[in-house]
């Protein structure tokens with residue numbers, strides 16, 4: 001048996017919401033704080049931009065509880081059911097620091113739960129969320145992490161990751177490959193501090209992605225993200241780190257992102273790498289080709305028939321068992 005309860009707290013006068021899932025028993029239990037990826041991704045790792053509500057974070061939380069691990073997953077202030085009412089108050093204030101502030105507040109809430117061992121909290125971030133977990137782990141905090149899981153962390157600057165993703169999108173449109181230089185021109189203007197001014201001939205989906213980096217609600221965060229990679233902070237982490245990149249990930253690549261991260265972590269005994277071959281970007285088991293994924297609405301990440309990749313889940317649980325009290329964690 002497990003128990004799930006919704007919690008809320010305030011940060012800078014804005015209410016934040018999350019869900020705590022706890023194992024059966026008295027505790028205290030080790031715990032994981034789950035940090036979502038970019039955009040309006042909510043606590044479950046679902047998004048209004050993607051069809052489906054079968055989010056990986058909820059599935060991870062349920063699996064962790066069955067293994068004896070509590071968790072908190074939370075809506076960023078620009079995500080979840082209150083996003084639209086919060087956005088006007090966040091314009092011009094979204095930054096890497098504001099996301100770190102949200103994570104700090106969430107960890108404090110998690111640590112205050114009676115069922116949680118505040119000395120055994122792990123941060124698990126997906127995609128952009130991995131960067132926020134890294135920032136937490138490399139800064140002085142009242143509740144330090146005992147370890148972090150970087151799930152699909154960008155090993156390249158976000159600019160390079162974005163261009164590779166847009167190239168895949170463009171390839172699905174007739175003549176789209178020939179338009180890629182126009183995407184690169186827009187990106188170069190942005191990198192130089194100028195407006196992107198994307199060519200009107202680009203597919204609407206590509207222009208929307210580019211425009212999101214200039215939307216007032218996303219600044220200055222978008223410009224900070226543009227040049228950042230996980231390798232920038234990874235070398236400064238001293239606690240145990242698990243880096244996971246799925247072999248079926250069409251956004252973060254095993255080699256293009258994994259190789260620079262492995263070079264950055266060379267000689268760091270505290271960093272472990274795993275590349276589960278059947279896992280996609282949100283660590284669902286996926287047998288589709290990259291083209292099939294790109295052609296699926298919302299990449300098909302949260303379809304009702306999707307499930308966590310078994311190898312990824314086993315890898316995470318085994319790693320958690322090794323860094324917290326083994327008697328309190330059940331391996332998969």
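The values are calculated or read from the model by the stated rules, or taken from the named source; none is laboratory data. These figures come from a predicted structure and were not determined experimentally. Neighbour counts run over all protein chains shown; Cβ positions are idealised from the backbone, glycine included.
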**OP:** Only residues in segment 53-66 that are in contact (Cβ under 8 Å) with a residue 12 or more places away in the chain and assigned by TED's automatic domain parsing to the domain that holds residue 41 count as the first member; pair them with residues that are buried (at least 19 other Cβ atoms within 10 Å of the Cβ) and part of a helix (DSSP H, G or I), Cβ under 6 angstrom, at least 6 apart or cross-chain, and list the lot.
**Re:** 63/313
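Looking only at residues in segment 25-43 that are in a loop (DSSP other than H, G, I, E, B) and at pLDDT 95 or above, which one is nearest to residue 281 (Cα to Cα)?
Restricting attention to segment 25-43, the residues satisfying the condition of being in a loop (DSSP other than H, G, I, E, B) are 25-28, 36-43.
Remaining after also requiring at pLDDT 95 or above: 28, 36-37, 41-43.
Numbers: 28: 32, 36: 12, 37: 10, 41: 13, 42: 16, 43: 16 Å.
Only one residue tops the list, namely 37.
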Original post:
Looking at (1) in a helix (DSSP H, G or I); (2) at pLDDT 95 or above, can you tell me which one residue 46 breaks?
Top reply: (1)
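In segment 269-298, which residues are out of contact with any helix residue (DSSP H, G or I) (no Cβ under 9 Å at 6 or more places or on another chain) and either at pLDDT 95 or above or over 21 Å from residue 171 (Cα atoms) (or both)?
Going through segment 269-298, the residues out of contact with any helix residue (DSSP H, G or I) (no Cβ under 9 Å at 6 or more places or on another chain) turn out to be 269-270, 287, 289, 295-298.
Result: 269, 270.
Criterion first (surrounded by 15 or more Cβ atoms within 10 Å (Cβ to Cβ) and more than 20 Å from residue 41 (Cβ to Cβ)) does residue 202 satisfy it? Talk me through it step by step, then tell me what you get.
On the way: surrounded by 15 or more Cβ atoms within 10 Å (Cβ to Cβ): yes; more than 20 Å from residue 41 (Cβ to Cβ): yes.
Yes.
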Original post:
What is the residue count in segment 146-176 for residues that are outside any loop (DSSP other than H, G, I, E, B) and at pLDDT 95 or above?
Top reply: 5
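Could you check, for segment 55-71, whether at least one of its residues is assigned to a loop (DSSP other than H, G, I, E, B), modelled with pLDDT of 95 or more and in contact with a strand residue (DSSP E or B) (Cβ under 7 Å, 6 or more places away or on another chain)? Explain how you work it out, then say what you get.
We begin by selecting, within segment 55-71, every residue assigned to a loop (DSSP other than H, G, I, E, B); these are 55, 67-69.
Adding the requirement that they be modelled with pLDDT of 95 or more leaves 55, 67-69.
Imposing the further condition that a residue be in contact with a strand residue (DSSP E or B) (Cβ under 7 Å, 6 or more places away or on another chain) reduces the set to 68-69.
Checking segment 55-71: at least one residue is assigned to a loop (DSSP other than H, G, I, E, B), modelled with pLDDT of 95 or more and in contact with a strand residue (DSSP E or B) (Cβ under 7 Å, 6 or more places away or on another chain).
For segment 89-103, what are the residues that are within 17 Å of the chain's Cα centre (by Cα) and either surrounded by fewer than 17 Cβ atoms within 10 Å (Cβ to Cβ) or more than 18 Å from residue 15 (Cβ to Cβ) (or both)?
Just the residues of segment 89-103 that are within 17 Å of the chain's Cα centre (by Cα), to begin with: 94-103.
95, 96, 97, 100, 101, listed by residue number.
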Original post:
Can you tell me which residues in segment 205-249 are touching a residue at least 60 places away in the same chain (Cβ under 8 Å), within 30 Å of residue 266 (Cβ to Cβ), surrounded by fewer than 19 Cβ atoms within 10 Å (Cβ to Cβ) and touching a strand residue (DSSP E or B) at 6+ places or on another chain (Cβ under 9 Å)?
Top reply: 239
**OP:** Could you list, in sequence order, all residues of segment 219-242 that are at pLDDT below 95, part of a loop (DSSP other than H, G, I, E, B) and more than 19 Å from residue 163 (Cα to Cα)?
**Re:** 219
